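Reading through the structure tokens given below for one structure.
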Amino acid sequence: SRHICYVGGCDRNMNPKDTRTEQQKYALRQFVLDFHAKHPNVQIVGHNDLAAKACPSFNVRAWLESIGIKQ
């Protein structure tokens, strides 16, 4: 299996915060679109969808929809 690891950040109060740079967002978008095109039946989720974690500190499902992937 293949995995992507993005370590999210926190604000000063230790609340989850999306700390991706524009370059990281672009690279992740390109990788995920390519991966999804090759493996359209694979479900893409965030760590927080599988465990009681805050990471990746952004809503993966909403982000996927914003880049044209509906699961």
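The values are calculated or read from the model by the stated rules, or taken from the named source; none is laboratory data. Source: prediction; values computed, not measured. Positions of Cβ are generated from backbone atoms using ideal geometry, with glycine treated the same way; all protein chains shown enter the neighbour counts. SASA here: full protein model, heavy atoms, side chains in, ligands and nucleic acids out. Shrake-Rupley method; radii C 1.70, N 1.55, O 1.52, S 1.80 Å.
Numbers for the structure displayed
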| quantity | calculated |
| --- | --- |
| Inter-residue pairs, beta-carbon under 6 Å, first over 20 Å from residue 16 (Cα atoms) and in the stretch 60-71, second in a helix (DSSP H, G or I) and open to solvent by 90 Å² or more (accessible area, probe 1.4 Å), 6+ apart | 67/29 |
| Close pairs from the stretch 4-18: first over 13 Å from residue 53 (Cα atoms), partner at pLDDT 80 or above and in a strand (DSSP E or B), Cβ under 6 Å, at least 6 apart | 11/17 |
| Selection count where residues are open to solvent by 90 Å² or more (accessible area, probe 1.4 Å), modelled with pLDDT under 90 and among the aliphatic types (A, V, I, L, M), scope the stretch 24-59 | 1 |
| Residues of the stretch 7-23 classified as under 12 Å from the mean Cα position of the chain (by Cα) and open to solvent by 100 Å² or more (accessible area, probe 1.4 Å), total | 1 |
| Top-ranked residue of the stretch 60-71 - restricted to ones that are open to solvent by less than 60 Å² (accessible area, probe 1.4 Å) and modelled with pLDDT of 95 or more, ranked as farthest from residue 9 (Cα to Cα) | 69 |
| Candidate set: the stretch 38-59, residues that are among the aliphatic types (A, V, I, L, M) and touching a helix residue (DSSP H, G or I) at 6+ places or on another chain (Cβ under 7 Å); chosen: the one nearest to residue 10 (Cα to Cα) | 54 |
